[in-house]
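Colleague: This structure is in structure tokens; I'll ask about it shortly.
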Amino acid sequence: MSDAASAGRWRALFLIALAELLIMSLWFSATAAAPELATEWGLTPSESAWLTTSVQLGFVTGALLSAIFTLSDVIPPKYLIAGSALVGAGATAAIAAFVSSLLPAVALRFLTGMVLAGVYPPGMKLLAGWFRAGRGMAVGVLVGAITVGSALPHLIRVIGGVGNPRAVLFGAAGVALVGAAMALFVTEGPYQSPAAPFDPRATVRILRDRPTLLANGGYFGHMWELYAVWTWIPVFLVASLAAGTPGTAQTAGLLAFATIAVGGFGALFAGLAADRLGRTTITSASMTVSGLSCLTAGFVFGAPLWILTPFVLLWGFAVIADSAQFSVSITELADGSYVGTALTLQTAIGFLLTIVSIQLIPILVEFVGWQWAFAPLAIGPALGTLSMLRLRMRPEAERLAGGRK
């Protein structure tokens, strides 16, 4: 690669990662504001969960429609990202400006989730067009940026949103608009697949491909845990502090932000390691750590901050570290002409699973309390690890990370 092209890929990585970081603040904007919104609107915990679950449902709907119509492979990715972010920011600002009850908020959150399907997978495709060697690192940086962006509303709440949910919502909408503008400055890379014609049979071919299915199996197990932890870890921390060393809402909020944001470093570390040690190796190790964290969270519940803090930071580091590598595996295993559709389909089904796990947690809390509510999430990482180990034994695994399985 020439010096100019090499410089171009680092510029593209910076722009794409920063744009996605800012735009993805929309995802948990209402979740971060949920304690205040629940008080204002008189919501139960299960009703509050719909502020997140509706985003997941919207994302699944948008991703499935995008996969069926192969939008990620037909529309230039930077325009799809920018346009989607614009609509999502508008929907989020509308909640802050006009909404005073759950139902219209859920509808607008659903719309936000739908358009975010035009942000996340196209961003991965756009980045893959710039990186062939080092793709695991590059997508790891992207997922790390998305992770920090997902945590950003919690930081906005700590800074000035405790007791002021509209500041959180308007803040997330504002930074998302900046991200949309940045996306327009990204150019396509030398490895970008050309726009493909609409082919309704592409989705069927992707679903029938055995190695792609196994990579997806790992991703699905990972997703069963990830968003349930990200959604409920703030409430778990509040309950834990109340049961042990008392802490303020700011303390719990800051620790929740750190738990999610530290995953950005996890994604970068795993990306660098997977390019050298293999994708199935790193994903299996990451899911083992995060799955064990689900099982052992009950033992640190109510513990002092000097015990609780490193535990949740390790959990936050591991729970997202492997995420990028499932997506990179798809770019290496799937038909290059429809890799955008393959990524969109992967995320659609994965996020569909998160709806179940997010709604499951409040039900479990009624029976076992917050102390042990996360334990059943360990089933996902366990099954995901088995799927990736089976992929490792197939000859197609030689296509992963240049032959490093």
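Colleague: Treating the angle as unsigned and between 0 and 90°, give the value, to the nearest 10°, between the Cα long axis of helix 135-156 and the longest Cα principal axis of the chain.
Modeller: Its long axis makes an angle of about 20 degrees.
Colleague: Here's a follow-up. Under the rule a/c < 1.5 gives rounded, and otherwise a/b versus b/c splits prolate from oblate, where does segment 160-291 land using the Cα gyration tensor?
Modeller: oblate
Colleague: Separate question: Beyond 38 Å, what share of the Cα-Cα pairs of segment 3-403 remains, rounded to the nearest whole percent?
Modeller: That fraction is 13 percent.
Colleague: Would you mind checking the tilt of helix 102-116 against the longest principal axis of the Cα atoms of the chain, expressed as 0 to 90 degrees and rounded to 10?
Modeller: Value to nearest ten degrees: 20.
Colleague: Something else now. Kirkwood Rh over Cα pairs of segment 60-177 into Stokes-Einstein at 4 °C, 1.567 mPa s: D in µm²/s?
Modeller: 84 µm²/s
Colleague: Among Ile233, Ile81, Ile320, which one shows the highest mean-square fluctuation when the chain is modelled as a Gaussian network with alpha-carbon springs under 10 Å?
Modeller: Ile233
Colleague: Counting C-alpha atoms alone, how compact is segment 5-128: give Rg to one decimal and Dmax as a whole number, in angstrom.
Modeller: Both quantities, over Cα of segment 5-128: 15.9, 55 Å.
Colleague: Highest mean first, what order results for 145-154, 357-366 on Cβ atoms within 10 Å?
Modeller: 145-154, 357-366
Colleague: Which angle from 0 to 90°, rounded to the nearest 10, does the C-alpha axis of helix 3-23 make with the longest principal axis of the chain?
Modeller: On a 0 to 90 degree scale, this one is about 30.
Colleague: Here is a further query. Taking the simple approach of a point 7 Å from Cα along Cα-to-Cβ for both Leu184 and Ala242, what is their distance in nm?
Modeller: 4.7 nm
FYI, it's all coordinate maths here, none of it is from the lab. The structure presented is a predicted model; accordingly, all values stated were derived computationally and were not measured. Counting neighbours? That spans all protein chains shown, and the Cβs are built from the backbone with ideal geometry, glycine included.
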